[in-house]
Amino acid sequence: MQNELSHISSLVGSDAGVKYSKSEQRPECGEYFDFHHIEFWVSNAFQAKMFYETHLGFKTIAYAGLETGEKNFTAYVLRGDQACIVVKSPLHPNDEIIAPFVKEHGDAVRDVAFNVEDVQKTFEHAKANGAEVILSPTYSEDEHGQVLIASVLAYGDTVHSFIQREQYRGLFLPGFHPIEPNLVNGFAESLPPVPMGRIDHVVANQPQGKMNEVVDFYINSLCFRRFWSVDDKLLQTGTSGLNSIVVSDFDERIKIPVNQPSTRFDGRSQTQEFVDFHGCGGIQHIAICVENLEQTVRSLKARGCYVLPVPSAYYDELQSAIFENDLDLGISLETMRELDIVVDYDDKGFILQIFTRPVESRPTLFFEFMQRNNHDGFGAGNFKSLFSAIEAQQKIRGTL
Ligand SMILES: [Fe+2]
């Protein structure tokens, strides 16, 4: 319990929370392989792709729009190693699909799409267990092959698509063409490359009282299970707090922390701030796991990516924690301080993390970059330092 107490009284903590054991039996709804892509609905896909290329180091690989025969939207597909994002915006003044979404939420995540073994099976299970259907299983094809896609509503206006593409050899999905050479962002190409990796998790923030309902949706409709949880006794700064339950698929390839604000504090937590500005439950951050976080952050900073500043006191306390716990983090304290890297650890390993500032005009969506070293937590020990840093920004915004 010594660690729990140090969590609350100091900025530096070690990992805590409840880890759930895995059931022996594989569920009936087929295997989840990975995050396939995350799709953002935005007001201007061209400018969004320039932002993600220039400041975060993604590379555009495919495009759909008027030039490819697409009449209703423009979309760019961007990749950073295995992490794939799509930015899509409407073409017409009377658009009734993307435009109302953007009006309500601002530029935001619409779809967290999974690469699955059997779309039909996953979809039928979800539908039979209460999921609202957005798209029934539909084949789509071009000269590179065929894919099967289905979608269900998750929460708010966020959906989950299931994609089965073992026969497909194209760059992304049917209808998308390789990017034209004249649309390559030469400026972004001239900047230091950003080593990325795979999407580790996405965080789904919910309004107060909705967390368990959303967790039940993942368990009952999508065959996920509880992976880990932590409550507002630990996740609090004294001003605000939250509760979090992480759900995962059976094979632990997809992990989604589901958060809701705590009612025990007077301050408006970043979870509540997200819900207030997004308008409902939705995706607050996307975490990308990298091999060498120092290298990734140096490139991000060189590219003008705004990283959340960590209070200097954090590193003063970390110095003592490193000494007391004999921690070898493979990175110097000076470098961590310089790059705003934080660490969470237990007796077996650690994670290094950085968080970007919100990447939208509203204080909603941001990115996390993380390096895991024999540690499968989510940075609970960093909560106080992260929330304190965010609360400093909220004070400036007048939203605390
Ligand atoms: Fe995270």
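The values are calculated or read from the model by the stated rules, or taken from the named source; none is laboratory data. Given the structure is predicted, the values throughout are model-derived calculations rather than measurements. All Cβ positions, glycine included, derive from the backbone under ideal geometry; neighbour counts span all protein chains shown. Calculation scope for accessible area: heavy atoms of the full protein, side chains included, ligands and nucleic acids excluded. Shrake-Rupley method; radii C 1.70, N 1.55, O 1.52, S 1.80 Å.
Structural remarks
- Residue-by-residue Karplus 3J(HN,Hα) for the stretch 63-68, coefficients 6.51, -1.76, 1.60, Hz, glycine and proline x: 8, 9, x, 3, 5, 9
- Annotation: peptides 387-397, 233-243, 268-278, ranked by per-residue average of other Cβ atoms within 10 Å with the highest first, follow the order 268-278, 233-243, 387-397.
- Along each principal axis, Cα extent of the stretch 10-128, largest first, Å: 51, 47, 30
- Choice from Gly130, Gly282, Gly330 with maximal GNM fluctuation in the chain (Cα, 10 Å cutoff): Gly330
- Mean-position separation - Cα centroids, the stretch 39-55 and the stretch 222-247, in angstrom: 31 Å
- Sequence-distant aspartates and glutamates (8 or more away, or on other chains) whose Cα lies within less than 19 Å of Lys71: Glu39, Asp95, Glu96, Glu141, Asp142, Glu180
- The charge dipole of the chain, taken about its Cα centre with unit charges on the Cβ of Lys, Arg, Asp and Glu (plus for the first two, minus for the last two), comes to roughly 580 debye.
- Overall Cα dimensions of the chain - principal axes, largest extent first, Å: 61, 49, 38
- Applying a DSSP loop filter and a limit of 15 other Cβ atoms within 10 Å to the trypsin sites (Lys or Arg not before Pro) in the stretch 47-91 leaves Lys71.
- For the chain, calculated [θ]222 nm from helices alone, where every DSSP H run of n ≥ 4 adds -39500 (n - 2.57): -8000 deg cm²/dmol
- Measuring nothing but protein heavy atoms, the accessible surface of the stretch 195-397 at 1.4 Å probe radius is 45 percent carbon and sulfur.
- Eigen-decomposition of the gyration tensor built on the alpha-carbon atoms of the stretch 195-397 gives equivalent ellipsoid semi-axes of 26, 20, 17 angstrom, largest listed first.
- Modelled label positions at Gln47 and Glu166, each set 7 Å beyond Cα in the direction of Cβ, lie 4.4 nm from each other.
- GNM flexibility winner over the chain from Asp231, Asp118, Asp326 (Cα, springs under 10 Å): Asp326
- Note that the chain presents 42 Å² accessible area per residue, ligands and nucleic acids not counted, probe 1.4 Å.
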